[in-house]
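Down below is the structure, laid out as structure tokens.
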Amino acid sequence: MQIFIKESTNKQEWFIIDLQGHLEYSGELKNETLGTLAKKPNTKDDFTFQIGSTLLAGKRVPLKKPLLVMKKIKLNNNDKMTDDYENDKKENEKDSEVEYSIEGICNDKIQFTTRPTTFIPQSSVVYGSPTHKSPSSSPKTNSPAKISPTSSPIKNPQFNN
């Protein structure tokens with residue numbers, strides 16, 4: 001079998017995300033945003049990753065060997081149709097070609113080894129309840145119903161201790 005490899009002109013930087021633990025989700029993650037990955041300002045190798053209300057801190061670590069990110073493309077040259085499923089399957093195997101295109105090269109990974117912290121936006125905190133007095137420097141909020149925390153398809157991220 002002959003394998004064709006094409007190089008893409010897209011020169012984006014690729015990373016591996018290394019999490020300690022597992023993520024649980026309901027449904028499908030196709031075309032969904034998992035979270036927000038951001039580089040910390042004024043640092044070279046520090047990153048934050050926010051999944052819903054969970055915040056992770058990580059560092060950029062170089063890989064020992066770079067990894068290629070490839071995309072498999074099946075090309076089908078068979079134009080005739082047959083009624084027999086087995087013959088059709090065998091003909092498709094013969095007549096279809098496979099190409100691989102190189103999407104990028106991954107030289108580094110972002111490793112998250114610390115325990116996650118819970119991120120609560122200041123605007124979602126309600127002060128002035130009868131049992132708790134509001135700090136004088138904090139804004140008072142009357143209706144928490146207007147606040148919508150960052151949504152994520154990951155419902156309950158769980159991480160190893």
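The values are calculated or read from the model by the stated rules, or taken from the named source; none is laboratory data. None of the values given here were measured: they were computed from a predicted structure. Heads up, the Cβs are rebuilt from the backbone with ideal geometry, glycines too, and the neighbour counts pull from every protein chain shown.
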Checklist entry - Since THR54 meets every condition but one in (1) loosely packed, with under 14 Cβ neighbours inside 10 Å; (2) over 18 Å from TRP14 (Cβ atoms), which condition does it not meet? => result (1)
Next on the checklist: Considering only residues that are surrounded by 11 or more Cβ atoms within 10 Å (Cβ to Cβ), in contact with a strand residue (DSSP E or B) (Cβ under 8 Å, 6 or more places away or on another chain) and not aromatic (Phe, Trp, Tyr), which ones fall in the stretch 13-37?
Outcome noted: ILE16, ILE17, ASP18, LEU19, GLN20, GLY21, LEU23, LEU34, GLY35, THR36, LEU37
Next on the checklist: Any residue that is surrounded by fewer than 12 Cβ atoms within 10 Å (Cβ to Cβ), modelled with pLDDT of 55 or more and of a type in the set (Val, Ile, Thr) - is there at least one of those in the stretch 79-102?
Outcome noted: no
Checklist entry - Does THR43 satisfy the condition of being in contact with a Phe, Trp or Tyr (Cβ under 8 Å, 6 or more places away or on another chain) and farther than 27 Å from ILE102 by Cβ? => result no
Checklist entry - Looking at the stretch 105-139, which of its residues are within 27 Å of GLN20 (Cβ to Cβ) and modelled with pLDDT under 85? => result PHE119, ILE120, PRO121
